[in-house]
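K.L.:
Structure below; questions to follow.
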Amino acid sequence: MTAECSVVIVAGGSGTRFGGDAPKQFLDLCGCPVLVWSAKFFSKQPEVGEIIVVAAPDWLDTASRMILFEELGTPCKFVVGGPRRQDSVANGLAVVDEGVEVIAVHDAARPFPPANFGEAVAVARADGAAIFALPVADTLKLVGEAGEIERTVSRENLWGAQTPQFLRRDIAVRVAEALRNTDVEYTDEAAAVEALGIRVRVVRGERTNFKITTAEDLKLAEEFGTFRGR
């Protein structure tokens, strides 16, 4: 492989907050499964040499059929996920091609990755780790159990993390081991990198790179997907 980046798409979530018979990443979005939207995007990036899809055991065949149907032109691997998100990520990292410099980890429920993908790959290659993120725009309130505001939290220097999140290969090896061998629950790869004492660079993402969590999110994605087209 000569391409510099492998993409691990994590599609193992159950989608319990969304509801329905199928996890949200397998739902239709403008005639195309949510999962496939990001896979198609990555297949068009010149930096990407392979796509690795990690899915729950009961949904692995469905994921592979959806992806292979599209004939993306980019080599694809399909891996069974683990009990935790971080276990699924570690499983994906374990099968990355040996010639790859940078690994990008992406949530399957984010169908519209940022267009400046190549910029983030370059930052991670140079500095070790990078994520897409956006400055927090809303006023933040700390709310107690009774549903009352306890205080207003300053949003200065606060950013909301997105995916993909990027790891240079040497760091990815350390992160994969850390993710497997801890009881700490990491909600993203950057947190695991930070725990290793490694700085993570931030690359400005896009507001359209939102995560589909609710039915309202899917409706918004349909509006944008109709405008963007497959």
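K.L.:
Scanning region 155-177 for residues that are modelled with pLDDT of 95 or more and among the small types (Gly, Ala, Ser), which turns out surrounded by the most Cβ atoms within 10 Å (Cβ to Cβ)?
P.N.:
Among those residues, the one meeting the criterion is 172.
K.L.:
Tell me the strands (runs of 3 or more DSSP E) entirely within region 1-106 that contain at least 2 residues that are under 21 Å from residue 130 (Cβ atoms) and touching a strand residue (DSSP E or B) at 6+ places or on another chain (Cβ under 9 Å).
P.N.:
Strands (runs of 3 or more DSSP E) meeting the threshold: 5-11, 48-55.
K.L.:
Kindly indicate the residue of region 102-143 that is touching a Ser or Thr at 6+ places or on another chain (Cβ under 9 Å) and surrounded by fewer than 24 Cβ atoms within 10 Å (Cβ to Cβ) and also nearest to residue 3 (Cα to Cα) among those meeting that condition.
P.N.:
114
K.L.:
Also, quick follow-up: Are there any pairs, at least 6 apart or on different chains, whose C-beta atoms fall under 6 Å, with the first in region 38-55 and on the phi < 0 side of the Ramachandran plot and charged (D, E, K, R) and the second surrounded by fewer than 18 Cβ atoms within 10 Å (Cβ to Cβ) and in a helix (DSSP H, G or I), and if so, which?
P.N.:
If the second residue must be surrounded by fewer than 18 Cβ atoms within 10 Å (Cβ to Cβ) and in a helix (DSSP H, G or I), the pairs left are 47/118.
K.L.:
Can you tell me how many residues within region 181-230 are among the basic types (Lys, Arg) and loosely packed, with under 14 Cβ neighbours inside 10 Å?
P.N.:
5
K.L.:
Considering only region 118-125, I want to know if a residue exists there that is more than 16 Å from the chain's Cα centre (by Cα), part of a strand (DSSP E or B) and under 27 Å from residue 199 (Cα atoms). Explain how you work it out, then say what you get.
P.N.:
Taking region 118-125 first, the residues more than 16 Å from the chain's Cα centre (by Cα) are 119, 122-123, 125.
If we keep only those that are part of a strand (DSSP E or B) as well, we get none.
Checked region 118-125: no residue is more than 16 Å from the chain's Cα centre (by Cα), part of a strand (DSSP E or B) and under 27 Å from residue 199 (Cα atoms).
K.L.:
Then there is this: Here is a list: 113, 135, 83. Which entry is within 22 Å of residue 211 (Cβ to Cβ) and without any contact (Cβ under 8 Å) to a residue 24 or more places away in the chain?
P.N.:
After ruling out the rest, the residue left standing is 83.
The values are calculated or read from the model by the stated rules, or taken from the named source; none is laboratory data. Not measured: the values here are computed from a predicted model. No Cβ is skipped: glycine too gets one built from the backbone with ideal geometry, and neighbour counts run over all protein chains shown.
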